[in-house]
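Notes follow the structure.
Read-outs throughout are calculated quantities, based only on the coordinates presented, and are distinct from any laboratory measurement. Quick caveat, the model's predicted, so the values are computed rather than measured. Note that each Cβ is placed from the backbone with ideal geometry, even for glycine, and that neighbours are counted across all protein chains shown.
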Amino acid sequence: MDLLIDLRHAVGATLRARIENALRDAIRSGLLAPGTRLPPSRALCAQLGVSRGVVVDAYAQLIAEGYVLARQGAGTIVAASGDRGTPSSASAAAAVAPAIRHDLSPFVPALAAFPRGAWRAALNRALRTAPDERLGLPGAAGVPELRAALAGYLARSRGVRGGADQVIVCNGLRQGLGLLWSALAADGAQRVAVEEPGWRGIAQTAVDAGLRVVPVPVDEHGLVVAQLDSAASVDAVAVAPAHQYPSGAVMPPARRAALLSWAQERGALVVEDDYDAEYRYDREPIGSIQGLAPQQVVYGGSASKSLAPGMRLAWLVVPAQLVEPMTALQARRGGMPAALDQLALADLIERGELDRHLRRQRRRYRRQRDALLGALAARLPEAEVRGAAAGLFVVLHLPEAVGEEAVVRHARALGVALEGGGGMEPSVVVGYANLPEAAIAPVVEALAACVRAA
Ligand SMILES: Cc1ncc(COP(=O)(O)O)c(C=O)c1O
């Protein structure tokens, strides 16, 4: 295929950066639609008159950022996931795809179980009792009530260490990570190691802040710490030890210790995404890595799974020296969440309502997970289930000959939305939290049909 890349107008200090930027811009603007196959590196380097390594490196970078996927036998294709679709391509896709009947997104908790009554009561109390000054512009790190409530809650439930003055409340974890990466970049940081495959929000926010991401593989125990040495020297490493997306791996204590001693030796910062930590089923909870080395680790958590993503409330607990630069940035950008919402969340935590809600949700999700595992064992025994001990999704490893993209496509045609695993072996991620129990058997039936068709 021909690919129009105008290197004369692409920005970037090096040829590789210009190729990357030109491709990234074309994907973002919709010129290269999801599913488009990029030319083999051999063909593109000949077309552009550059050495092959330059194109191979540019493709590797775009793979790490999630813009494109490498598929054995199918080449390099533009990724469908993420929020890069233009309105026109999104509406064109919506016009041909059937409505989504079952959303197996791993990112959404049971929205119908949001504690509306408790939240309304907390908001009412916040409105009634907040002093007038709380209705002024909220402090850039968050309102003091919520910072204190979070410091206490995270210490007792996750073993996080640090005072309320180290807590920064943000508008969703993505927004907070943006602050963190910008503050690190302003201090001279250049590279951050990320899990590959991993949650794209990490790589995307780092790239947006001007950092380069260095992909590091993941195995059944999470990020492969031994591979960090072969990565270019990095200033930070981002991990999700509680339940890695999309592998579902829970990082065991020995791997955690190895990560921390690597970081201490190199003076690198560890950024811990503790996103799924509230949900674990068959094992004792493992505390946060931050609690083992608070000076070396930035801890990140979010209300998106414990309550709802629409709340846009998240938090970071950072080493003391990062508080000032990050809050200065937050003040400049004006990204603080609404003060009344912050006060209501503080109230919910202090009254034990959040714990009560989570206890209820854990029971609900365990039931749903068990029903899903039972249905998968009965109707899709050829797929191996991994990552089921925690979180709100399981990973289905598909038989070798089955194409992951094909399963996702077939499922979409049946009105079932799910994500591919994006790893070396074909797999799909099945989020079960927002799925009514009655829908589990029909969904698994549909998945089994898709796997056979693929
Ligand atoms: C693995 C992971 N971590 C963190 C987040 C952050 O969530 P938010 O920006 O909604 O707080 C998400 C959201 O989808 C996620 O999937």
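In the chain, helical runs assigned H by DSSP with n ≥ 4 each contribute -39500 (n - 2.57); averaged across all residues and rounded to the nearest 500, the mean residue ellipticity at 222 nm is -13500 deg cm²/dmol.
Placing dummy labels 7 Å off each Cα toward the beta-carbon, the span from residue 100 to residue 224 is 3.2 nm. Rg and Dmax of region 15-78, both derived from C-alpha coordinates alone, stand at 10.7, 27 Å.
Using the alpha carbons alone, the radius of gyration of region 103-242 stands to its Kirkwood radius in an Rg to Rh ratio of 1.04.
Each residue of region 327-341 is assigned a 3J(HN,Hα), and the resulting list reads 6, 4, 5, 4, 4, 5, 7, x, x, 5, x, 4, 4, 5, 5 Hz, derived from the Karplus form 6.51 cos²θ - 1.76 cosθ + 1.60 (θ = phi - 60°), x at Gly and Pro.
Under the simplified labelling scheme, the residue 7-residue 452 pair shows an inter-label distance of 5.1 nm, with each label point 7 Å from Cα along Cα→Cβ. Each of 329, 357, 395 was scored by the projection of its Cα onto the charge dipole of the chain, and the greatest displacement toward the positive side belongs to 357; charges sit on the C-beta of Lys, Arg, Asp and Glu. By the equivalent-ellipsoid construction on the alpha carbon gyration tensor, the chain comes out with semi-axes of 35, 29, 21 Å, ordered largest to smallest. Simple point charges give the picture: +1 on the Cβ of Lys and Arg, -1 on the Cβ of Asp and Glu, and for region 15-78 a dipole about the Cα centre of about 140 debye. Put in line by how crowded their Cβ is, counting other Cβ atoms within 10 Å and starting with the fewest, 412, 369 read 412, 369. Within the P(r) computed for region 256-300, what percentage of the Cα pairs occupies the region above 18 Å? Percent of Cα pairs beyond 18 Å in region 256-300: 31. Scoring 14-20, 45-51 by mean Cβ neighbours within 10 Å over their residues and listing the highest first yields 14-20, 45-51.
Here the Karplus curve 6.51 cos²θ - 1.76 cosθ + 1.60, taken at θ = phi - 60°, turns the phi angles of region 14-28 into couplings of 10, 4, 4, 5, 5, 5, 4, 5, 5, 5, 4, 5, 5, 6, 4 Hz, with x standing for Gly and Pro.
When the alpha carbon coordinates of region 228-333 are projected onto the principal axes, the ranges are 39, 35, 23 Å, largest first. Comparing Cα centroids, region 388-454 and region 278-322 end up 28 angstrom apart. When only alpha carbons of region 370-454 are considered, Rg and Dmax amount to 11.5, 33 Å. Just going by the charge dipole of the chain, with Lys and Arg at +1 and Asp and Glu at -1 on Cβ, which of 293, 172, 318 is farthest out on the positive end? Value computed over the given set: 172. Across region 116-355, the convex hull enclosing all Cα atoms gives 113 Å³ per residue.
Rounded to the nearest Hz, the phi-derived 3J(HN,Hα) couplings of region 159-173 under the Karplus curve 6.51 cos²θ - 1.76 cosθ + 1.60 (θ = phi - 60°) are x, 6, 10, x, x, 4, 6, 9, 8, 10, 8, 9, 8, x, 5, where x marks glycine and proline. For a label point 7 Å from the Cα of residue 401 along Cα→C-beta, name the residues of region 433-453 whose backbone N is under 12 Å from it. Within reach of a label on residue 401: 452-453.
Summing Cβ point charges (Lys, Arg +1; Asp, Glu -1) relative to the Cα centre of the chain gives a dipole of roughly 820 debye. Compactness of region 305-409 was expressed as the Cα radius of gyration divided by 2.2 N^0.38 Å, which yields 1.59.
Between residue 14 and residue 331, the contour length at 0.36 nm per residue exceeds the alpha carbon distance by 110.7 nm. Of all beta bridges that DSSP places with both ends in the chain, some 60 percent have antiparallel geometry. About the centre of its Cα atoms, region 146-260 shows a dipole size close to 400 debye [charges on the beta carbon of Lys, Arg (+1) and Asp, Glu (-1) only; nearest 20 debye].
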